[in-house]
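Comments concern the structure below.
No value in this document is a laboratory result; all are computed from the given coordinates. Only a predicted model underlies this, so the values are computations on that prediction, with no experimental measurement involved. Methodologically, a virtual Cβ is constructed for each residue, glycine included, from the backbone with ideal geometry; neighbour enumeration extends over all protein chains shown.
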Amino acid sequence: MVGLLAVGLVLVNVLGRSTPRVSKKEAVAIARPHIDFKPQGYQIRFIRQGIPPRGVWVVSFYIRNRSGGYRRVTNVLVDSNTGTVAQVMHVT
């Protein structure tokens, strides 16, 4: 029982890390070279995805159109612990 508790604590502390090692500012700098346009702005959010859950920064770069919507959006997912780019998604 003690061994199971110890394994559980290790998994929670290692796999379920709540504090990202990569800052928001670092995530934006890592993501920027992966887009092929000059954005008007960006938004950044921290999410957990996968099993076991891993922290990911989602950096959304965008260009707005005249009506207030978005003409172009690209999302770059940056692993919050390693700083590697996990995925680039061209939305519009």
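In table form, for the structure just shown:
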quantity: Spin-label pair I51/T84, simplified geometry with 7 Å Cα→Cβ offset, distance in nm; calculated: 2.2
quantity: Relative packing of 56-64, 27-35, 41-49, which averages over residues the other C-beta atoms within 10 Å, highest first; calculated: 56-64, 27-35, 41-49
quantity: Distant-in-sequence amide H partners of R72 (H built 1.01 Å from N, under 5 Å); calculated: I63
quantity: Vicinal HN-Hα couplings computed from phi for the stretch 26-38 (Karplus, 6.51 cos²θ - 1.76 cosθ + 1.60; Hz; Gly/Pro x); calculated: 5, 4, 5, 5, 5, 6, 3, x, 8, 10, 10, 8, 8
quantity: Square roots of five times the Cα gyration tensor eigenvalues for the stretch 14-92, Å; calculated: 25, 12, 10
